[in-house]
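Let me begin by presenting the structure, written as structure tokens, before commenting on it.
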2 protein chains.
Amino acid sequence: MGKRIGLNLIEHSSPTGATYLWTHPDDHTEHYKDLSYWVELAQLLERAKFDTVFFPDALGVLTTYQNSRDVAVREAMSVPKNDPTYFIPAMASVTSHLGFTVTCSITYDHPYSLARKMTTLDHLTDGRIAWNVVTSNLKSAALNFGLTDQLDHDVRYDRGDEFLEVCYKLWERSWEDDAVIRDRQARIYTDPSKVHDIQHEGKFFRVPGIHLCEPSAQRTPVLFQAGSSERGREFAAKHAECIFLNAITSEETKFLTADIRRRAEQLGRDPIGIKFYPRLLPVIGTTEEEAKARLADYLSHVSTEGTLALVSSWTGIDLSVYKEEELLQFLEKRGTGTQHTADSLYRYDKDKKWTLSELSKLFAFGGLGGVTAGTPEQIADYMERFIDETDVDGFNISYMVRPSGIVEFAEQVVPILQNRGRVQTEYQTGTLRHKLFGSGSQLPADHPGKQVQLFP
Amino acid sequence: MGKRIGLNLIEHSSPTGATYLWTHPDDHTEHYKDLSYWVELAQLLERAKFDTVFFPDALGVLTTYQNSRDVAVREAMSVPKNDPTYFIPAMASVTSHLGFTVTCSITYDHPYSLARKMTTLDHLTDGRIAWNVVTSNLKSAALNFGLTDQLDHDVRYDRGDEFLEVCYKLWERSWEDDAVIRDRQARIYTDPSKVHDIQHEGKFFRVPGIHLCEPSAQRTPVLFQAGSSERGREFAAKHAECIFLNAITSEETKFLTADIRRRAEQLGRDPIGIKFYPRLLPVIGTTEEEAKARLADYLSHVSTEGTLALVSSWTGIDLSVYKEEELLQFLEKRGTGTQHTADSLYRYDKDKKWTLSELSKLFAFGGLGGVTAGTPEQIADYMERFIDETDVDGFNISYMVRPSGIVEFAEQVVPILQNRGRVQTEYQTGTLRHKLFGSGSQLPADHPGKQVQLFP
């Protein structure tokens, strides 16, 4: 029997993520504002034994395309966007096992308040929280936080390293395991000698005090990362326990997986202790023909301009200045945004000349690849084959029409994979980290979060 | 029949707020970390027709006393402390009417992210969110956010005025009512011409962009304030729709109420459009004797040192340097902390010489006064009489032992007041603001939040 296939759902706190076709007649994405939507989704995912639901987030609007927010606003391309962390307590209250991956920026938040937010959520969920660590890349976010421009790409990662160091000190070193004793006779709720000031003084942060919360089950939430630029992979290799991949092909997946594992090993970490999850966007039909017809139908609802606005912000290049079919010299024109798109395209096919319409289709569903149309059996076959070829650990499932896309996957594809012994039929016990890695609730000893010292 | 008595519960995200006696045998305050505690509490409060549950918060530790956090940590005096905003989605998912008052600091948060947080919660609760606006007063919080010291008291309020101005622009002016149209045929989810950049450029903040969320039912959450210093009252008179009072006596209550109403009127607001809620800490017995015996029992669990640590941080004066019974020259020794305690004492009795032990008892339950011990009928009588004498709008109920204190009040006192027609037996329809004021979901026209302009 093959390796277990882990399942995560990508869900957005917007009417569209990168993928929801809000003009489609089956779409009911306007319920993104309703608590009942999120509660029912949690119940569906736990029935289907998903590992986690993953909430991307960004505190800005896409403004690179045409130097304007108009296309993004008109197409609801990641705007409006609520704060997804607030879905979690309600979703946790109707589930017992489902994990929750929160995206929080290390650029526009402060480690002192972010650490409390994560610990609170980890307490309330009994240890089911993961943190997707992102360095924000939207200029509009920087501006609205009062900066004159976004931080330089590599500086963002340097600041990110220190941000995590502060968090590790707060989570792992401030409160000893037996600090809270609740001794009524001795009148000691917490032993002050077992709670430590972290005394952090760095280049970006100065945090002298104690963590505000007592330790939660996991202390440090499970750490997810998605960076795939050179600096991003180094950052991921140092900190991440799970990696989201946007890779196009199994070759690309294998390249990134091997590269990050190699870097992790050089940093003294167990390279197979990192889990990888590429994106998968299944389109399901009762026959292959029906699935392909549905995909064609879905593609007809794709907004080319909306997609270009998305890619423009990803690459930092205003694609509105290029004429249809005009060659985009991506690699020569690395802009101020994230380099990951350009890097991925480059690795995918160095010599290919991409046209605008090709790019638009490529990006139509929010990223590089992962779209697969077929019967439930064909999709299950594809997933098994991809896992066996690449040795990744599962998928981030995305979908096109909300909520039918996820309901169909959960009810039609998951049971097949469960019958084949590839998707779990019962959850493991314990915290999210223990469920994923089987080795306890806390960070492993070789992780920098466990090695951080207060007085080095 | 007299005026309706509104009910709010004060609840802390800590093992103790100012009031929970964690050493008492009946105390089960360790459940503050559990989602099930908060869910059950919400159900209890909605059964008893409470208006809101109010969560105080602070992002720091009490360190003024002995220039140390040790007493606060040992006595769990507001530490550990989780982020209370995360209780709300779970509590909202099992209720339909109960309101939620969130405390967020305008000193250590940024208006751009705070505005999104509030709008998200207002969407998820269908318009049941209130914001208790505080200017943080803990030096330890300032230090952990990288500042060398906390902001000056009056500068905090100036920054607060601008913080609210930014929020008003985001909530009230960025998205027009009919901006979101979801027109599938025309491919317009949101009409970009009806979404406005706020273009805010001020002394403390620069926020050029649009609000990230579409408007929620209330747009601006119901605004609560508790400041009672001179500058704090001016701030409250300008912004607050509801005021929490810590006043000692009905005279003090009448003074503060009249003073804030007068200031509000001078600012062009309807003075009777502001609601006032003093604290009430009921101790219930089947007989008056039993109630008094319970109060004596509870007082025996008060930590004098813990209380002094609390008061030291409130006043900014390290009370550990004074010997027992030594006179505290509060008014001559105004420290760096909030002046509200000293001001209140001064107004209460200008000439009284307070001793440490008197002060400790006075503050034992987390503030000035409000403790009343008696049978359920006696407590109901007291509440009716206090309301009729002072013309306030209800109470903030606090309690000493968790959770029995609130269960007893809800099950024994509330029904009496309902039978007397003083507490509602059914909720009004609509949003929290409509329930409280009966005049629609949004801010009234005379409120500065409704008058803010983008291009003045």
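A few remarks follow.
- The contact residues of the stretch B:106-155, meaning those that lose at least 20 Å² of 1.4 Å-probe accessible area when all protein chains sit together rather than their chain alone, are B:His110, B:Tyr112, B:Ser113, B:Arg116, B:Lys117, B:Thr120, B:His123, B:Leu124, B:Leu143, B:Asn144, B:Phe145, B:Gly146.
- Length available on full extension from B:His31 to B:Ser68: 0.36 nm per residue minus the Cα-Cα distance, which gives 10.6 nm.
- Positive end of the dipole of the protein assembly as shown (Cβ unit charges, origin at the Cα centre): among A:Pro80, B:Ala291, A:Gln378, the Cα lying farthest that way belongs to A:Pro80.
- Label-to-label distances for B:Arg47 across copies, nearest first, come out at 3.0 nm, using points 7 Å from Cα in the beta-carbon direction.
- For the stretch A:144-184, the Kirkwood radius over C-alpha pairs fed into Stokes-Einstein at 20 °C and 1.002 mPa s yields D = 162 µm² per second.
- Ligands, DNA and RNA are left out, and with a 1.4 angstrom probe the accessible area of the stretch A:176-225 is 41 Å² per residue.
- For the stretch A:153-230, a crude dipole built from +1 on the beta carbon of Lys and Arg and -1 on the beta carbon of Asp and Glu, taken about the Cα centre, is about 340 debye to the nearest 20.
- Net +/- balance of residues flanking A:Val423 in space, Cβ distance below 9 Å, scoring K and R +1, D and E -1: +4
- Inter-label distance, B:Tyr382 to A:Arg262: 7.4 nm, where each label sits 7 Å from its Cα along the C-beta direction.
- Percent carbon-and-sulfur accessible area, the stretch A:15-112, ignoring ligands, DNA and RNA, probe 1.4 Å: 45 percent
- Fraction of antiparallel bridges per DSSP, the protein assembly as shown only, in percent to nearest 5: 15 percent
- Listed peptides B:177-187, A:420-430, A:89-99, B:439-449 by packing density, highest first (mean Cβ within 10 Å): A:89-99, B:439-449, A:420-430, B:177-187
- Ordering A:121-134, B:2-15 by mean Cβ neighbour count within 10 Å, with the highest value first, yields A:121-134, B:2-15.
- Legend: helices of chain B (whole DSSP H runs) are marked when their alpha-carbon atoms reach 18 angstrom or more along the helix axis and their mean Kyte-Doolittle hydropathy is at least -0.5; marked are B:35-47, B:111-124.
- Rounded to the nearest 500, the helix-only mean residue ellipticity at 222 nm of the protein assembly as shown stands at -10500 deg cm²/dmol, with each DSSP H run of n ≥ 4 adding -39,500 (n - 2.57).
- Per residue value of the accessible surface for the stretch A:375-456 (all protein chains in place, 1.4 Å probe), Å²: 41 Å²
- Within the stretch A:209-234: backbone nitrogen closer than 20 Å to the A:Leu454 label point (7 Å, Cα to C-beta): A:209-221
- Listed residue pairs exceeding 18 Å between alpha carbons, taken from B:Lys49/B:Lys81; A:Lys275/A:Lys435; A:Lys435/B:Lys81; A:Lys194/A:Lys238; B:Lys81/B:Lys275; A:Lys139/B:Lys169: B:Lys49/B:Lys81; A:Lys435/B:Lys81; A:Lys194/A:Lys238; B:Lys81/B:Lys275; A:Lys139/B:Lys169
- Considering only B:Leu7, A:Leu45, B:Met118, the residue lying farthest towards the positive end of the dipole of the protein assembly as shown is B:Met118, judged by Cα position with unit charges set on Cβ.
- Rg of the Cα atoms in the stretch A:151-241, relative to 2.2 N^0.38 Å, amounts to 1.35.
- Debye intensity ratio in log₁₀ form over the Cα atoms of chain A, taken at each q of 0.09, 0.11 Å⁻¹: -0.58, -0.88
- Angstrom value of the Kirkwood radius, inverse mean 1/r, which spans all Cα pairs in the stretch A:16-86: 13.9 Å
- Inter-chain neighbour count for B:372-383: the average number of beta-carbon atoms from partner chains within 10 Å of each residue's beta-carbon is 0.
- Cα shape, the protein assembly as shown, gyration tensor, a/c 1.5 rule: prolate
- Whole-Å distance, taken between Cα centres, linking the stretch A:278-295 and the stretch A:113-166: 36 Å
- All C-alpha to C-alpha distances of the stretch A:45-172, sorted into 10 Å bins beginning at zero, yield P(r) values of 12, 36, 32, 17, 2 percent in whole numbers.
- The residues neighbouring A:Val94, those whose beta-carbon lies less than 14 Å from its own, together hold a net charge of -1 under the Lys/Arg +1, Asp/Glu -1 convention.
- Cα pair count fraction exceeding 17 Å, expressed as % - the stretch B:80-137: 37 percent
- Cα-centred dipole magnitude for chain A, charges only on beta-carbon of K, R (+1) and D, E (-1), debye, nearest 20: 900 debye
- The same position B:Ser404 in the other copies lies at 5.7 nm from this copy, comparing label points 7 Å beyond Cα toward the beta-carbon, shortest first.
- Drop in accessible area of at least 40 Å² in the complex versus isolated chain, residues of the stretch B:81-105, 1.4 Å probe: B:Lys81, B:Asn82, B:Asp83, B:Tyr86, B:Pro89, B:Ser93
- Convex hull of the stretch A:88-239 built on C-alpha atoms - directionally averaged projected area, nm²: 10.8 nm²
- Chain pair B, A: total accessible area buried, heavy atoms, 1.4 Å probe, Å²: 6700 Å²
- For the stretch A:229-295, the Cβ-based charge dipole about the Cα centre amounts to some 280 debye (Lys, Arg positive; Asp, Glu negative; other atoms uncharged).
- Remark: label point of B:Glu289 defined 7 Å out from Cα along the Cα-Cβ vector; separations to the same position in other copies 9.2 nm, ascending.
The values are calculated or read from the model by the stated rules, or taken from the named source; none is laboratory data. Being a predicted model, the structure only gives us computed values, none of them experimental. Reconstructed Cβ throughout: ideal geometry from the backbone, glycine too, with neighbour counts over all protein chains shown. Remember, those area values only see protein heavy atoms, side chains included, never the ligands or the DNA or RNA. Shrake-Rupley method; radii C 1.70, N 1.55, O 1.52, S 1.80 Å.
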